[in-house]
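What follows draws every value from the coordinates through simple rules; no lab data is involved. Since the structure is predicted, the reported quantities are computational estimates derived from the model, not experimental observations. Note that each Cβ is placed from the backbone with ideal geometry, even for glycine, and that neighbours are counted across all protein chains shown.
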Amino acid sequence: MAQTVEQRRAQIAWERAKANSRFEKEYVSLAKGAPALVMGNGLMPALAYWQSRGKGHATALCQDVLVALHDRMKCPQDFEGAMRFLQDRDSRAYMQATEEALEFLKWLRQFADSLARKN
């Protein structure tokens, strides 16, 4: 049986949250604020911010979003490739990528928080 789009988002978010549980507090805090950062500043500035932090939890969150975008939109998973990909899209496709990132982050923030509370 095929997965729905939401089930696939949830699956990726669960896998990424488990993979990054070593960062616990820092990662959870960043994941919780991620949707607001994307909505307030835009997807590309948010990705650039996380990447520029240069810390494990921030670059991990950036990579998590890129993995989700790759799954749904075939966006490259490397930061530079993803930025070029997003720059080359028209405004409609960029808005779609932003919406996809926000939908993914909705799942990720919940899973990351629940895993941190479990530990």
(request) Return only the number of the condition from (1) surrounded by 15 or more Cβ atoms within 10 Å (Cβ to Cβ); (2) part of a helix (DSSP H, G or I); (3) within 15 Å of the chain's Cα centre (by Cα) that Phe85 does not satisfy. (result) (3)
(message) Given the criteria surrounded by 15 or more Cβ atoms within 10 Å (Cβ to Cβ) and among the charged types (D, E, K, R), does Glu103 qualify?
(response) yes
(request) Answer yes if at least one residue in segment 99-106 is in contact (Cβ under 8 Å) with a residue 24 or more places away in the chain, within 17 Å of Glu6 (Cβ to Cβ), assigned to a helix (DSSP H, G or I) and touching a Phe, Trp or Tyr at 6+ places or on another chain (Cβ under 7 Å), and no otherwise. (result) no
(request) Report the residue count in segment 31-55 for those that are among the small types (Gly, Ala, Ser), surrounded by fewer than 14 Cβ atoms within 10 Å (Cβ to Cβ) and either farther than 13 Å from Arg109 by Cα or over 13 Å from the mean Cα position of the chain (by Cα) (or both). (result) 3
(request) Report, ordered by the first and then the second residue, all pairs with beta carbons closer than 9 Å, sequence separation of six or more or different chains, a first member in segment 30-49 that is without any contact (Cβ under 8 Å) to a residue 12 or more places away in the chain, and a second member that is of a type in the set (Ser, Thr, Tyr). (result) Asn41/Tyr49
(message) Among (1) surrounded by fewer than 17 Cβ atoms within 10 Å (Cβ to Cβ); (2) free of Cβ contacts under 8 Å to residues at least 40 places away in the same chain; (3) in a helix (DSSP H, G or I), there is one condition Arg8 misses while meeting the rest; what is its number?
(response) (2)
